[in-house]
1. Out of the residues in region 167-180 meeting the condition of being farther than 30 Å from residue 99 by Cα and of a type in the set (A, V, I, L, M, F, W, C), tell me which one is surrounded by the fewest Cβ atoms within 10 Å (Cβ to Cβ).
2. Give the residue that is surrounded by the most Cβ atoms within 10 Å (Cβ to Cβ), with candidates limited to residues of region 67-102 that are assigned to a strand (DSSP E or B) and not basic (Lys, Arg).
3. Would you please list the contacts, defined by Cβ atoms under 8 Å and residues six or more apart or on different chains, that run from a residue in region 2-19 that is closer than 11 Å to residue 46 by Cα to a residue that is of a type in the set (A, V, I, L, M, F, W, C) and more than 16 Å from the ligand (Cβ to nearest atom)?
4. Please enumerate the residues belonging to region 14-65 that are within 17 Å of the chain's Cα centre (by Cα) and of a type in the set (Gly, Ala, Ser).
5. Looking at 181, 135, which is the one that is under 30 Å from residue 11 (Cβ atoms), acidic (Asp, Glu) and within 11 Å of the ligand (Cβ to nearest atom)?
6. List pairs: first residue in region 175-201 and among the β-branched types (Val, Ile, Thr), second residue assigned to a helix (DSSP H, G or I) anywhere in the structure, Cβ distance under 7 angstrom, at least six positions apart or on different chains.
7. Kindly indicate whether residue 38 is under 24 Å from residue 10 (Cβ atoms) and free of Cβ contacts under 8 Å to residues at least 24 places away in the same chain.
8. So residue 135 ticks every box in (1) of a type in the set (Asp, Glu); (2) in contact with a Pro (Cβ under 9 Å, 6 or more places away or on another chain); (3) within 19 Å of residue 30 (Cβ to Cβ) but one. Which box is left unticked?
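Read-outs throughout are calculated quantities, based only on the coordinates presented, and are distinct from any laboratory measurement. Note that the structure is a prediction, hence the values are computed from the model and not measured. Virtual Cβ from ideal backbone geometry, glycine too; neighbours counted across all protein chains shown.
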Amino acid sequence: MKFFVDTADIAEITELAETGLLDGVTTNPSLVAKTGKDFVTTVKEICRIVKGPVSAEVTATDHAGMLAEGRKLAGIATNVAVKVPLTMDGLKTCKALSDDGIMVNVTLCFSPAQAILAAKAGAAFVSPFVGRLDDIGQDGMGLIADIVQIYNNYSDFQTEVLVASIRHPMHVVEAGKLGADVCTVPPAVLKALVKHPLTDKGLDAFLADWKKTGQSILGGT
Ligand code: E4P
């Protein structure tokens, strides 16, 4: 499973990239707005820090506008994945950019039918939003199960399932059980994945016992 971090915050990305656990980054207009920084400069900087795919979203809603913005974003760095919304114009733009060899992430996917269209349009990634479905009482992980099953039925579907709108560690675990390709995880959830009270308790006990020996590994023979 690949791990992307879902943020446009350079400090957070730098910190997480240093762990060696990051395979990519996803941003969206809301995440960029939260930073208060210039979009193109931010994408350039993220692409310098993380070598894997960095999703940068278009904001035009018509095909011509999306295509022009997508080409500009793709020109920032070779690891930019242009993010387009799951609309007819977005799919048309996805097809055109994909045919040019540009990675496209089709975002705001909320149904298996939409995911089929993203694959047909040649998307590198489709982003189903599990948390937002859960929020309205629908089954976010059920959508992932459906998409994975459908994509596995067709060898010509090369689109990776990128689980988005992740809210907690169990979304990541469930995504893994279902065989999703990528999880894009908010920084706080990524940090929560490492936590277990028995790990902390066990480590405290080991260190207390070790202290009693009076030994030091680096100072020993
Ligand atoms: C995906 O790429 C989106 O940026 C993101 O996962 C949306 O998450 P949210 O529902 O928490 O805003």
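1. The selected residue is 170.
2. So the residue we want is 84.
3. Every condition considered, the pairs that remain are 10/49; 13/49; 14/49; 17/49.
4. 17, 20, 24, 30, 52, 55, 56
5. 135
6. As it stands, the answer is 185/172; 189/169, since those pairs meet every condition given.
7. Against the criterion (under 24 Å from residue 10 (Cβ atoms) and free of Cβ contacts under 8 Å to residues at least 24 places away in the same chain), residue 38 qualifies.
8. Residue 135 satisfies every listed condition except (2).
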